[in-house]
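Here's the structure, in structure tokens; my notes come after.
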Amino acid sequence: MIRRPLLARLFTPLRLALLPTSMVLTFPAVGAEAVTTAFGPLEAAQPLTARGLAERIRQDGAPEVARRLTRDREWARVRRAVAAGWENWIALLPDLMPAADPAMGRSLQVALRRALPRNPRAVLSILDPKNSNQLGGRTICAPAAEPASWRPRALTAIRAVHDIHLVDQGADCMRALEEQS
């Protein structure tokens, strides 16, 4: 058991002020250069968030952010968040997908496909109304390699979206799903 006077001597403000600066952690603002401490780069300690990623895309551009995601091996986090149907992450894909390498682009398409039954409005809102190969409804909504239970859930989810701004994307998706029946 430690006595109170001993604790007071160990943790006085004066002694805390004498700690080496390498032990003090400070976090740079979003978009600031990474600071290296005795523990490694602080940028690596910051959590990856949709808001932070959107800010990086705005400041540095999607190609640079895609390179960083590859370098830092963070694409898996992005894919998981998209597949879970998290709207703010899904909204980043029109910027990130063209900057990603082809294999990662296909992987992000699979993540969008998995998000469709969970958050159809978010997925439909980023689909290309002109039905491009990368983000078109006929590509994203095709039930390629999905389990049999996915298709009826996706159909039900799309039918539940009633938004006049998403009519074309919803129709493309429905066609892709019905062609596979």
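The values are calculated or read from the model by the stated rules, or taken from the named source; none is laboratory data. Note that this is a predicted model, so its numbers are computed, not measured. Note: ideal-geometry Cβ built from the backbone for every residue, glycine included; neighbour counts use all protein chains shown. SASA here: full protein model, heavy atoms, side chains in, ligands and nucleic acids out. Shrake-Rupley method; radii C 1.70, N 1.55, O 1.52, S 1.80 Å.
Could you put ASP163, ASP72 in order of accessible surface area, largest first, with the 1.4 Å probe and the full protein assembly present?
The ranking, largest first, comes out as ASP72, ASP163.
What's the local net charge at LEU108, with K and R +1, D and E -1, over the other residues with C-beta under 11 Å away?
Net charge in that neighbourhood comes out at +3.
Under 8 Å for C-alpha pairs, at least 6 residues apart: give me the relative contact order for the stretch 50-179, rounded to a whole percent.
RCO, the stretch 50-179: 22 percent.
Arranged from highest to lowest average of other beta-carbon atoms within 10 Å per residue, in what order do the peptides 58-67, 107-116 appear?
Result, highest mean Cβ count within 10 Å first: 107-116, 58-67.
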